[in-house]
1. Restricting to strands (runs of 3 or more DSSP E) lying wholly in region 1-78: which have 3 or more residues that are at pLDDT 90 or above and surrounded by fewer than 10 Cβ atoms within 10 Å (Cβ to Cβ)?
2. Can you tell me which residue among A60, A47 is of a type in the set (G, A, S) and either closer than 20 Å to P7 by Cβ or in contact with a Phe, Trp or Tyr (Cβ under 6 Å, 6 or more places away or on another chain) (or both)?
Amino acid sequence: MSERKIPRFAAPAVEIEHLGEGGMILRSPRPLGATARSLGEKLAQWASFMPHRVFLAERAGADWRRVTYRRSSTAGSGRTGR
């Protein structure tokens, strides 16, 4: 399965508004764009995009207990996610 590249950051650009007494307000000139309404919505997006990737992991003795995006997105929904 090929993984598509997702840009992590926008190209750097900033608008500076200088305030009195040395303060300033920094803003990006770029609009934020579409965002997820909730963390659950974002989790569902990742579960459909990269279901096999590890979302959470914790130590379990000498080994690790891992939960994938697919499994975490189906937890509590009555689906197995397998």
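The values are calculated or read from the model by the stated rules, or taken from the named source; none is laboratory data. Model, not experiment: these values are computed from the prediction. For neighbour counting, all protein chains shown are included, and Cβ atoms are generated from backbone atoms with ideal geometry for every residue, glycine included.
1. In region 1-78, 15-18, 24-27, 54-60 are the strands (runs of 3 or more DSSP E) which contain 3 or more residues that are at pLDDT 90 or above and surrounded by fewer than 10 Cβ atoms within 10 Å (Cβ to Cβ).
2. Result of the check over A60, A47: A47.
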